[in-house]
1. Report the extension gain between ASN96 and SER188 in nm, rounded to one decimal, defined as 0.36 nm multiplied by the number of residues separating them, less their alpha carbon distance.
2. Quick one: net charge of PRO102's neighbours, Cβ under 9 Å, K/R +1, D/E -1?
3. In nm, to one decimal, how far is the SER130 label point from the ALA82 one, both placed 7 Å along Cα→Cβ?
Amino acid sequence: PAPYGSEKYASDIWTYAYENLGTNGDFDFNDVVIRETINANGSETKAELMAAGCNYKTELIFSYKGYDQTICEVHEAFGLKANDEGLYSMVNTEANGIRKNPVDLGVFDTNFGYFKIKVYLPDGEIKTYSHYDKVGENGDVPTALIISGNWQWPLEKTNVFEAYPLIGKWAKDRDDTGHWFTQPKPGSV
């Protein structure tokens, strides 16, 4: 299915932004950021890994017709290794200044597939999220956002509601978005 708002904000470029801890997260939606460029007929997408704003081992998966294919561990795709405690440095979130170029992930058939992440927590728990998943007591907390265009994700520990003040209005009424995703608070993304 097309991302929310695709009929209203048609674009050949989409940004997928994941939060890796569900309701325990900081809601900066920079834990895994992927940018996709869709080809002219809309059947394939070129994907690039843009950021890894998490410390835990996190795999990017492409689910195609019910089968999951692990694409990469997101930090290792940027050329990083885990430290002695098994934790990784963050990339392209300004948390520690590590800046890396986007990583070309290849081309995927988006007519029948979608991306998701698998997070390995220190206590042994493994969480898997896609942009379809909602968590929380009422099942109303998103685990990912899909945004039209070259979206700028929030800096580490900057809640998306702080970075994009109009997102609350969009959450209440998607027909009256005010293009929230194009109006970040200065210094927050």
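1. So the extension gain works out to 31.6 nm.
2. Values: positive: ARG35, LYS100; negative: GLU48, ASP104.
Local charge sum for PRO102: 0.
3. With each label point 7 Å from Cα toward Cβ, the separation is 2.6 nm.
Bear in mind these aren't lab numbers, they're just calculated from the coordinates by the rules spelled out. All figures in this text were calculated on a predicted structure; none of them were measured in a lab. Here the Cβ is made from the backbone with ideal geometry for all residues, glycine too, and neighbour counts use every protein chain on show.
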